[in-house]
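J.: Let me give you the structure first, and then I'll get to my questions.
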Amino acid sequence: MRNFINLLTFSRIFTGPIILILILFYTNYIFAFILFLVISITDYFDGFLARKYKLESEMGAILDPIADKILITFLLLAIAVELNSFFVALMAGLILSREFWVSALRQLSSSNDVVNLTKVTFQAKIKTSLQFLSICSYLIGLMRGNSLIIFTSDFLLLASTILTIKTGWNYTTAIYSTKFNEGEEN
């Protein structure tokens with residue numbers, strides 16, 4: 001079962017580039033959408049199965065959010081290029097910057113034995129879900145050739161970017177309000 005759970009996580013890592021190719025080189029939005037929808041569901045199931053069978057691991061806790069970030073990165077890049085959209089590129093840049101920052105915070109918290117400060121929160125799970133929803137919306141807009149859906153997707157992406165920045169801020173304040181930083185100020 002552990003191997004199956006890890007396979008679900010790795011599937012998100014390996015599928016991102018495939019979906020990018022489907023969008024940019026084959027303009028196969030339908031297959032890209034179906035593949036993204038199926039692979040997005042693995043984000044729920046790998047965690048659910050790990051908890052159900054008590055197979056949670058440190059590696060899984062590290063790889064799961066990384067797999068999400070890799071998948072989201074490839075999709076946002078593909079959408080920005082396909083739509084020739086400065087807005088999507090800017091939002092993707094903000095989202096990615098936050099992800100790099102939170103990775104650094106997780107390293108800092110790990111080296112100071114306060115990893116509980118940067119564990120994935122419920123709000124961060126909502127953020128990922130909203131990112132997935134906005135990507136699905138863009139793919140539906142591309143499939144249907146519907147600029148109104150794409151315009152609506154911009155608002156979903158903006159909302160997910162705001163939530164992304166907010167969760168990054170929450171992690172930042174949690175880390176920098178801990179006692180381990182007090183010794184560094186001297």
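J.: What number comes out for the charge environment of T164, summing +1 per Lys or Arg and -1 per Asp or Glu over other residues with Cβ under 14 Å away?
T.: +3
J.: Where the eigenvalues come from the Cα gyration tensor of region 99-186, what are the semi-axes √(5λ) of the equivalent ellipsoid, largest first, in whole Å?
T.: After scaling each eigenvalue by five and taking roots: 36, 11, 9 Å.
J.: Round to a whole number: what % of the accessible area of region 59-102 belongs to carbon and sulfur, probe 1.4 Å?
T.: Roughly 80 percent, rounded to a whole number.
J.: Counting only the heavy atoms of the protein chains, how much of Y176 is accessible to a 1.4 Å probe, in Å² to the nearest 10?
T.: Spelled out: Y176, probe radius 1.4 Å, area about 120 Å².
J.: Further, regarding this structure: Give me the lysines in straight-line cross-link reach of K52: C-alpha distance below 28 Å, same-chain residues under 8 apart excluded.
T.: Leaving aside lysines fewer than 8 places away in the same chain, those within reach of K52 are K69, K119, K125, K127.
J.: Using a 1.4 angstrom probe with every protein chain in place, what is the largest-first accessible-area order of I34, I5?
T.: Result of the area sort, largest leading: I34, I5.
J.: Taking R0 as 22 Å, what's the FRET efficiency between I66 and W169 from their Cβ-Cβ distance, rounded to 0.05?
T.: For R0 = 22 Å, the calculated efficiency reads 0.60.
J.: Here is a further query. What is the pair-distance distribution P(r) of region 1-99, computed from all Cα-Cα distances in 5 Å bins starting at 0, with each bin given as a whole percent?
T.: For region 1-99, the binned pair fractions read 2, 14, 22, 20, 18, 12, 8, 4, 1 percent.
J.: For region 20-173, what is the convex hull (Cα atoms) projected area averaged across all directions, in square nanometres?
T.: Average of the hull's projected areas for region 20-173 equals 9.1 nm².
J.: With every protein chain present, what accessible area does L90 have (1.4 Å probe, heavy atoms only), rounded to the nearest 10 Å²?
T.: Result for L90: roughly 80 Å² accessible.
J.: Let me check something: with ligands and nucleic acids excluded, how do K54, K125, K69 order by accessible area (1.4 Å probe), largest to smallest? Don't jump to the answer; show the numbers that get you there.
T.: On the way: K54 170, K125 105, K69 40 Å².
The ordering from most to least exposed comes out as K54, K125, K69.
J.: What number, in percent, do you get for the relative contact order of the chain if the mean sequence gap of Cα pairs under 8 Å and at least 6 apart is divided by its residue count?
T.: Rounded, it is 23 percent for the chain.
J.: Using the beta-carbon distance between D113 and L55 and R0 = 25 Å, what value does 1/(1 + (r/R0)^6) give for FRET efficiency, to the nearest 0.05?
T.: Efficiency computed from Cβ-Cβ geometry: 0.55.
J.: Something else now. Quick check: with the 1.4 Å probe, what order do W101, W169 take by accessible area, largest first?
T.: Solvent-accessible surface, decreasing: W169, W101.
J.: Whole number in Å², please: accessible area per residue of region 1-154, 1.4 Å probe, ligands, DNA and RNA not counted. Spell out each step's value before the answer.
T.: Working: 8470 Å² over 154 residues.
Value for region 1-154: 55 Å² per residue.
The values are calculated or read from the model by the stated rules, or taken from the named source; none is laboratory data. Here the structure is a predicted model, which is why all the values come from computation and not from measurement. Positions of Cβ are generated from backbone atoms using ideal geometry, with glycine treated the same way; all protein chains shown enter the neighbour counts. Surface areas here come from the heavy atoms of the whole protein model, side chains and all, with no ligands, DNA or RNA. Shrake-Rupley method; radii C 1.70, N 1.55, O 1.52, S 1.80 Å.
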